[in-house]
Amino acid sequence: MCGRLLVLEGIDGGGKTTQLERLAAWLPGSGLMPAGADLVVTREPGGTVLGEELRRLLLKPPQGAAPCNRAELLLYAADRAQHVERLIKPALQAGNWVLSDRFSGATEAYQGHGRGLDLATIRQLERMATAGLEPDITLWLDLPLADSIRRRRRQRADRMEAAGSAFLERVHGGFAALATEQGWCRVDATRSVEAVAADISVALRGRLG
């Protein structure tokens, strides 16, 4: 594979959507991408037709149809397997770059640390879902839970966001542990959009330039 896989992670409210949009505009002219390479912007869950249907079932299921914790884990794995096989791998093999809102780290943070499911099982399942594919760089937008709640107070919560503060605090701790274990690039997401974007560009030039 000749392309690059870049991933943004973090709890909701950290500015992933905003920074994803800024990166999508900045990267093609940054000088980091080789001539002729395209930038593919995607998300998880989602990114494929099947993935978008799974996203609806996972985040906003019909009344009384919310998946149990194990089913939730398996649905995320199915989404990722389809995402990798149908979108990410073909893009990378064509020499293109892929920018994704979440990847396998989110599953370990939310379903492992948040839900309390076995981490070894999750990692085995992720190896199967990704076929061993790992991001070239993961940018963790680190935002304390109190700031996340404040930023999201006027937004309608999805099923994950509505799981409660204790759950989300465990998820945040999971992201922190993963960032240390896997060498993610931590970005302080408490600051302005411009400051966060500047840190991200510096990190990408340092890691990928």
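The values are calculated or read from the model by the stated rules, or taken from the named source; none is laboratory data. For clarity, every value in this text was computed on a predicted model and none was experimentally measured. Please note: Cβ atoms are built from the backbone with ideal geometry, for glycine as well, and neighbour counts cover all protein chains shown.
Being under 21 Å from G164 (Cα atoms) and under 11 Å from the mean Cα position of the chain (by Cα) is the filter here, so list the residues in region 111-145 that pass it. The one that is under 21 Å from G164 (Cα atoms) and under 11 Å from the mean Cα position of the chain (by Cα): L141. Does any residue of region 117-136 turn out to be of a type in the set (A, V, I, L, M, F, W, C) and under 20 Å from G14 (Cα atoms)? The answer is no; no qualifying residue exists. Evaluating G112 against the criteria (1) farther than 22 Å from T17 by Cα; (2) out of contact with any Gly (no Cβ under 8 Å at 6 or more places or on another chain) leaves one unmet condition, (2). Among strands (runs of 3 or more DSSP E) entirely within region 1-105, having at least 1 residues that are surrounded by fewer than 21 Cβ atoms within 10 Å (Cβ to Cβ) and in contact with a Leu (Cβ under 7 Å, 6 or more places away or on another chain) singles out 39-43, 97-101. Would it be correct to say that R115 is modelled with pLDDT of 95 or more, surrounded by 14 or more Cβ atoms within 10 Å (Cβ to Cβ), farther than 23 Å from L204 by Cα and charged (D, E, K, R)? Against the criterion (modelled with pLDDT of 95 or more, surrounded by 14 or more Cβ atoms within 10 Å (Cβ to Cβ), farther than 23 Å from L204 by Cα and charged (D, E, K, R)), R115 qualifies.
Within region 8-23, the set of residues being under 25 Å from S165 (Cα atoms) and aliphatic (A, V, I, L, M) comprises L8, I11.
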